[in-house]
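The structure appears below as structure tokens.
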Ligand SMILES: NC(=O)c1ccc[n+]([C@@H]2O[C@H](COP(=O)([O-])OP(=O)(O)OC[C@H]3O[C@@H](n4cnc5c(N)ncnc54)[C@H](O)[C@@H]3O)[C@@H](O)[C@H]2O)c1
């Protein structure tokens, strides 16, 4: 896929490049032959996510410690850049504790990324948004026309980022594409208690501890494997007709949290561990049926089944935890 991306672009800036999803985008861009600069403040990202890529790709990867809210520092990353993948964000857990920080990073930070892209004549911006911009589902399947009524600080700030991206398209004729991610999982995802559910369950079960389920485990998630998501980013960079458009990036693979717990236990041969149950998380959305038709019409095909993605993730995690 992404045949010819090197013909169209030379140097990509990935904000949040040392993070979970950002590092997979960095990897695929390097594999396609682009030079890449990662700008990350390491709030959640890790040097170890990019370290093997420096070894594999040498000087084609540049890594800078930069906060996207710092306009001057961010400006220094744009020399020669012709495409930006904007992944840096304050995640949900930060938002709950510090909503002002959330607004600053996801709102002002995104504004800085866009304004500099305009000033440096960047050809394309692929902006990471979130399914959280929809809020409570009003109908199923949820397509991109579904009303945008976020119910969390995180959703509000991510929607602000989207709206800025669209405004820059309208005001300055820029080419921004918005990708709304849902329940991404895979190697390198944070596995501490503020991480992703697949990695948290994986870490606990690997260590012989039961998965902790908030609620009764019947809540659904639309799991999307990170390598497919990185390929979507590259497709969005290449496909025509995506300017100003938003795309749901959900694989359509739905499992409940209870089913996930059973699969993780089965993977590690720990079927006898009894789940622990705790109170529902406030605002947890329980049912997901997200349409990915618009993305598939662009020609995208999801390659990873849930069993393949899960086993690749849990195998990676086991090796990672053994090395700790
Ligand atoms: N993981 C998911 O399921 C999911 C779902 C919806 C949307 N998203 C979006 O995907 C993007 C990537 O998220 P992720 O899951 O890889 O999380 P992550 O925390 O691993 O990645 C975010 C990266 O941004 C960096 N960062 C945070 N604040 C920054 C700042 N002020 N300046 C520079 N860098 C900063 C972090 O250090 C981290 O490396 C985010 O925009 C997020 O909102 C993720």
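Quick rundown of the values:
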{"read-out": "Positions within region 1-47 being away from the ligand (no atom under 16 Å from the Cβ) and farther than 21 Å from residue 120 by Cα, in sequence order", "value": "1, 2, 3, 4, 30, 31, 32, 33"}
{"read-out": "Close pairs (9 angstrom Cβ cut-off, 6 or more residues apart or separate chains): outside the structural domain of residue 73 (by TED's automatic domain parsing) in region 99-123, more than 10 Å from the ligand (Cβ to nearest atom) anywhere", "value": "none"}
{"read-out": "In region 103-114, the residues that are surrounded by fewer than 24 Cβ atoms within 10 Å (Cβ to Cβ), closer than 28 Å to residue 192 by Cβ and touching a helix residue (DSSP H, G or I) at 6+ places or on another chain (Cβ under 6 Å)", "value": "103, 107"}
{"read-out": "Selection count, region 151-166, where residues are at pLDDT 95 or above and either in contact with a strand residue (DSSP E or B) (Cβ under 6 Å, 6 or more places away or on another chain) or not in a helix (DSSP H, G or I) (or both)", "value": "3"}
{"read-out": "Conditions (1) modelled with pLDDT under 95; (2) away from the ligand (no atom under 14 Å from the Cβ): number failed by residue 195", "value": "(2)"}
{"read-out": "Number of positions in region 1-15 that are within 16 Å of residue 236 (Cβ to Cβ) and within 21 Å of the chain's Cα centre (by Cα)", "value": "7"}
{"read-out": "Test: residue in region 63-75 that is without any contact (Cβ under 8 Å) to a residue 40 or more places away in the chain, farther than 19 Å from residue 156 by Cβ and away from the ligand (no atom under 11 Å from the Cβ)", "value": "yes"}
{"read-out": "Output for region 115-138, where each listed residue is within 9 Å of the ligand (Cβ to nearest atom), touching a helix residue (DSSP H, G or I) at 6+ places or on another chain (Cβ under 6 Å) and in a helix (DSSP H, G or I)", "value": "132"}
{"read-out": "Residue in region 261-270 that is outside the structural domain of residue 141 (by TED's automatic domain parsing), within 25 Å of residue 95 (Cβ to Cβ) and surrounded by fewer than 17 Cβ atoms within 10 Å (Cβ to Cβ) present", "value": "no"}
{"read-out": "Only listed residue being in the same structural domain as residue 129 (by TED's automatic domain parsing), in contact (Cβ under 8 Å) with a residue 12 or more places away in the chain and in contact with a strand residue (DSSP E or B) (Cβ under 7 Å, 6 or more places away or on another chain), chosen from 230, 237", "value": "237"}
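The values are calculated or read from the model by the stated rules, or taken from the named source; none is laboratory data. Quick caveat, the model's predicted, so the values are computed rather than measured. Glycine also receives a Cβ, built like all others from the backbone with ideal geometry; neighbour counts cover every protein chain displayed.
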